[in-house]
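Novice: Dropping the structure in here first, questions after.
The values are calculated or read from the model by the stated rules, or taken from the named source; none is laboratory data. These figures come from a predicted structure and were not determined experimentally. Backbone-built Cβ (ideal geometry, glycine too); neighbour counts: all protein chains shown. With ligands, DNA and RNA removed, areas are computed over all heavy atoms of the protein, side chains included. Shrake-Rupley method; radii C 1.70, N 1.55, O 1.52, S 1.80 Å.
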Amino acid sequence: MRLDTPIEQLERIGPIYRARLHKLGIKTIGNLLFHIPHRYQDYSQITPIRDATLNDIVTVQGKILSIEASRTWKKHLHLTEAIIQDETSAIKAVWFNQPYLSQNLKEEMYVLLSGKVTLTKDSLCLSSPVYEILGDGEITKNDTLHTGRLVPIYPETAGLSSRWLRYVIHSLLPIADNIPDYLPDEILRRQDIPELARALKTVHFPHSLNDAERAKKRLAFGELFLIQTVALKEKYRLRQEHAPQITTDVELAKKFVASLPYALTDSQRATTWEILQDMEKPYPMNRLLEGDVGSGKTVVAAFAAMQAINAGYQVAFMVPTEILAEQHFRALTALLCNKKTFAQPSIAALTSSSHKKTSRKISYAPFVISKERVGKETLAGDIDIVVGTHALIQETVKFKNLGLIIIDEQHRFGVEQRAALARQKDGPTLRENRGGSVRPAKIIPHLLSMTATPIPRTLSLTIFGDLDLSLIKQFPKGRKQIISKLIPPADRYEAYRFIESQIHEGRQAFVICPLIDESDKLDAKAATKEFEKLQKEIFPHLKIALIHGKMKGKEKEKIMQSFKEKEADILVATSVVEVGIDVPNASVMIIEGADRFGLAQLYQFRGRVGRGEHQSYCFLFTDSSAKTTSQRLKALLTAKNSFELAEKDLEIRGPGDFIGSRQSGIPDLAMASLTDFEFVKEVRKEVESVLTSDPELKNNHLLRERYENFRREIHFE
Ligand code: ADP
Ligand code: MG
């Protein structure tokens, strides 16, 4: 029997239990062995029966003097009653509705019972205690599973009790001895952590909570080690590949800086520098540019794009929505075109509904061209930058000489997807371009991703561990603090009056509707209702617009554009407006059902305002009175920056919520330890030390094997 032996091959597990195990995601013996208790019930202290005290939870050990089953007078309940005796006294035990009990427990048997001491008819009694048969003689308590020790309590599902799991897992534990430890010996020694087999045995049946903790830590260490090996190997693998070496043209850089209507912030300079340095290297850049909404990432990306174009390469600029494609197309045109001082690129915007291009030939007035022409001209190398949605560019555009891929607002990609994107092994069009006749084989474009969602440090070392990070930590000068308030239900109308006054001063407002679930349909419905309520009851004389995810791309774009042009005072929206829309005149952000959103998301929403010269406000409406809710929302009000906020969010909500998917395949213990930065850092150090001396894991074949399996098991979201 091996770890990957399917549970189907275990004779004692019938089809019904198999199905239940599958519900818990348990398919193999390995899954069972790694089904880790989430807590332990301490039944390790044996209480003399004489000392059993009312309302205590006790474990007693003794002999069954008598046992009988009956039915209560109402005939509804099976009742089993037994008398247990030890050297000090005797006590009654009572069970309800466990008719089979009297088959298992017999007079004269020695048992351990754990349960609460209650009072029935003037005498103390154990109410539905957990039992374990010791046999007919003295047995040391460490041989027991269900009582008389620290008892593991497992994640359960209907019909699958911890008792059953304990029994099955215990019977499989000897297999653990055949599992070789994939962690190198010197790491075990250096970190002073137990071997895998021992940790597994201990974690299920520990002698002390301390032992259990140590075992859990060891298992978490192993899991984190594997996750980081995946990420770091990916990082190192990319270094073996070839990328266009784009030498920074310093003169051009100076001209570009001089052409800007503002001075770059120190953060913008520093991150730009990091990116340009990366692009000079012979292997592909894989860098994430992190900066708050409004911190000015676009100009940094434009800087990199310009250098790539200057060196003779093309740039793919991918964004998550068509609205953003449109917006970036305009921003890039403004930044890069019609400036006499440097090379004048031609830029195309590609959305499913419209295709535009600016080119120096007609002084950069955007004009409409067909999709086919965008394709043709890009393949011919006549278009320098194509801006479009990710899917659109990947599926339809062939480049002649792609040197840089920029992805905006997409931190949710996992290692695997980033790797695929970076290597473009699966993207036929981008790959053809790279591996085909046009260019020397296997030249891989540089990759710059950008996000406003701050990534907690532990995550950047693990599931984002393949990326290099650049942080924009400051805002452009002169930006005003957004005044944020938590609005209790009683103050709602006052807030509405305030919004009205803002609108009378010429400002605009966003209203974000609560997230109903992940479905566009329900969200759209809720937003429509909110829109109608506001229009009819609250602001009958104001112009209100509505935008939601069920609308077509073109329609959304039209609404956003008209809102930007001030044709409506208030825009009611679902979370589709979360990313990157720039409406400098908007000064109020209202978030309904604020408790339903994560902090990072709220932060993003808030970043929609305060983009112009006006003092801006963010109102969080919530009806929830849960303590964690207000704690969380208050964190938003007090955090100094989004990085600090991300750490808090992780702390409060736990990594599961933060990563946004419980199905990410990240093992539970690793997941839980993602709140512990020092620990994660320690693991990282060890992974680096192994990979530096043995990048292909040739001398660590056990680790290599485990790593390869692990890679197949997980799928970072
Ligand atoms: P984000 O990081 O959210 O993508 P943008 O790149 O859209 O931010 O920039 C937000 C706004 O700030 C834009 O209007 C941009 O022109 C402006 N901006 C960017 N950098 C600076 C700067 N250094 N000084 C002043 N304004 C800037
Ligand atoms: Mg942006």
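Novice: Only strands (runs of 3 or more DSSP E) wholly contained in the range 101-217 count here; list those with 2 or more residues that are open to solvent by 40 Å² or more (accessible area, probe 1.4 Å) and out of contact with any Gly (no Cβ under 7 Å at 6 or more places or on another chain). Talk me through it step by step, then tell me what you get.
Specialist: Details: elements: 110-120, 123-135, 150-153.
Counting at least 2 such residues, we get 110-120, 123-135.
Novice: Which of the residues belonging to the range 238-274 are buried (at least 19 other Cβ atoms within 10 Å of the Cβ), farther than 17 Å from GLN307 by Cα and more than 12 Å from ligand 1 (Cβ to nearest atom)?
Specialist: LEU238
Novice: Applying the selection to the range 153-193, what residues are touching a Lys or Arg at 6+ places or on another chain (Cβ under 6 Å) and closer than 19 Å to LEU112 by Cα?
Specialist: Selection gives ILE153 alone.
Novice: Pairs needed: first member in the range 297-310, over 14 Å from LYS255 (Cα atoms); second member anywhere, aromatic (Phe, Trp, Tyr) and more than 9 Å from ligand 1 (Cβ to nearest atom); C-beta distance under 8 Å; at least 6 residues apart or different chains.
Specialist: The qualifying pairs are ALA301/PHE317; ALA305/PHE317.
Novice: Out of all the residues in the range 243-274, which are touching a residue at least 60 places away in the same chain (Cβ under 8 Å), part of a helix (DSSP H, G or I), under 38 Å from the mean Cα position of the chain (by Cα) and more than 16 Å from ligand 2 (Cβ to nearest atom)?
Specialist: Within the range 243-274, PHE256, ASP266, ALA270, GLU274 meet the criteria.
Novice: Is it the case, given these coordinates, that GLU68 is surrounded by fewer than 17 Cβ atoms within 10 Å (Cβ to Cβ), modelled with pLDDT of 85 or more, over 46 Å from the mean Cα position of the chain (by Cα) and outside any strand (DSSP E or B)?
Specialist: When the stated conditions are applied, GLU68 does not pass them.
Novice: Taking the stated definitions as given, is GLU557 open to solvent by 20 Å² or more (accessible area, probe 1.4 Å), touching a helix residue (DSSP H, G or I) at 6+ places or on another chain (Cβ under 6 Å) and part of a helix (DSSP H, G or I)?
Specialist: On the way: open to solvent by 20 Å² or more (accessible area, probe 1.4 Å): yes; touching a helix residue (DSSP H, G or I) at 6+ places or on another chain (Cβ under 6 Å): yes; part of a helix (DSSP H, G or I): yes.
Yes.
Novice: Give me a count of the residues in the range 15-52 that are in a helix (DSSP H, G or I), open to solvent by 30 Å² or more (accessible area, probe 1.4 Å) and among the β-branched types (Val, Ile, Thr). Spell out the reasoning first.
Specialist: Of the range 15-52, the ones in a helix (DSSP H, G or I) are 15-23, 29-33, 49-51.
Narrowing the set further to residues that are open to solvent by 30 Å² or more (accessible area, probe 1.4 Å) leaves 15-20, 22-23, 31, 50-51.
Still in the running and among the β-branched types (Val, Ile, Thr): 16.
Number satisfying all stated conditions: 1.
Novice: Answer yes or no: is there a residue in the range 275-290 that is open to solvent by 10 Å² or more (accessible area, probe 1.4 Å), within 13 Å of ligand 1 (Cβ to nearest atom) and either in contact (Cβ under 8 Å) with a residue 60 or more places away in the chain or more than 22 Å from ARG330 (Cβ to Cβ) (or both).
Specialist: Within the range 275-290, not a single residue is open to solvent by 10 Å² or more (accessible area, probe 1.4 Å), within 13 Å of ligand 1 (Cβ to nearest atom) and either in contact (Cβ under 8 Å) with a residue 60 or more places away in the chain or more than 22 Å from ARG330 (Cβ to Cβ) (or both).
Novice: Find the residue count for the range 281-314, including only residues that are within 14 Å of ligand 2 (Cβ to nearest atom), not in a loop (DSSP other than H, G, I, E, B) and not hydrophobic (A, V, I, L, M, F, W, C).
Specialist: 4
Novice: For HIS146, indicate whether it is within 30 Å of LYS216 (Cα to Cα) and either at pLDDT 90 or above or touching a Lys or Arg at 6+ places or on another chain (Cβ under 9 Å) (or both). Give the derivation first.
Specialist: Working: within 30 Å of LYS216 (Cα to Cα): yes; either at pLDDT 90 or above or touching a Lys or Arg at 6+ places or on another chain (Cβ under 9 Å) (or both): yes.
Here the answer is yes, as HIS146 does meet what is asked.
Novice: Quick check on LEU486: is it open to solvent by 30 Å² or more (accessible area, probe 1.4 Å), more than 23 Å from ILE246 (Cα to Cα) and modelled with pLDDT of 85 or more?
Specialist: So LEU486 fits the description; yes.
Novice: I'd like the residue in the range 295-311 that is within 20 Å of ASN641 (Cβ to Cβ), touching a strand residue (DSSP E or B) at 6+ places or on another chain (Cβ under 8 Å) and open to solvent by less than 10 Å² (accessible area, probe 1.4 Å) and, out of all such residues, is farthest from ligand 1 (Cβ to nearest atom).
Specialist: VAL300
Novice: Is it fair to say ILE393 is in contact (Cβ under 8 Å) with a residue 60 or more places away in the chain, assigned to a helix (DSSP H, G or I) and more than 16 Å from ligand 1 (Cβ to nearest atom)?
Specialist: yes
Novice: Quick one: which of PHE475, PHE498 is in contact (Cβ under 8 Å) with a residue 24 or more places away in the chain, open to solvent by 20 Å² or more (accessible area, probe 1.4 Å), within 16 Å of ligand 1 (Cβ to nearest atom) and aromatic (Phe, Trp, Tyr)?
Specialist: Of PHE475, PHE498, the one residue that is in contact (Cβ under 8 Å) with a residue 24 or more places away in the chain, open to solvent by 20 Å² or more (accessible area, probe 1.4 Å), within 16 Å of ligand 1 (Cβ to nearest atom) and aromatic (Phe, Trp, Tyr) is PHE475.
Novice: Can you tell me how many residues within the range 315-334 are assigned to a helix (DSSP H, G or I), within 11 Å of ligand 1 (Cβ to nearest atom) and open to solvent by less than 20 Å² (accessible area, probe 1.4 Å)?
Specialist: 3
Novice: Scan the range 461-491 for residues that are in contact with a strand residue (DSSP E or B) (Cβ under 6 Å, 6 or more places away or on another chain), away from ligand 2 (no atom under 16 Å from the Cβ) and of a type in the set (Gly, Ala, Ser) and report the count.
Specialist: Residues in the range 461-491 being in contact with a strand residue (DSSP E or B) (Cβ under 6 Å, 6 or more places away or on another chain), away from ligand 2 (no atom under 16 Å from the Cβ) and of a type in the set (Gly, Ala, Ser): 1 in total.
Novice: Here's a follow-up. Test ALA646 against the stated conditions and say whether it is part of a helix (DSSP H, G or I) and surrounded by 21 or more Cβ atoms within 10 Å (Cβ to Cβ).
Specialist: So ALA646 fits the description; yes.
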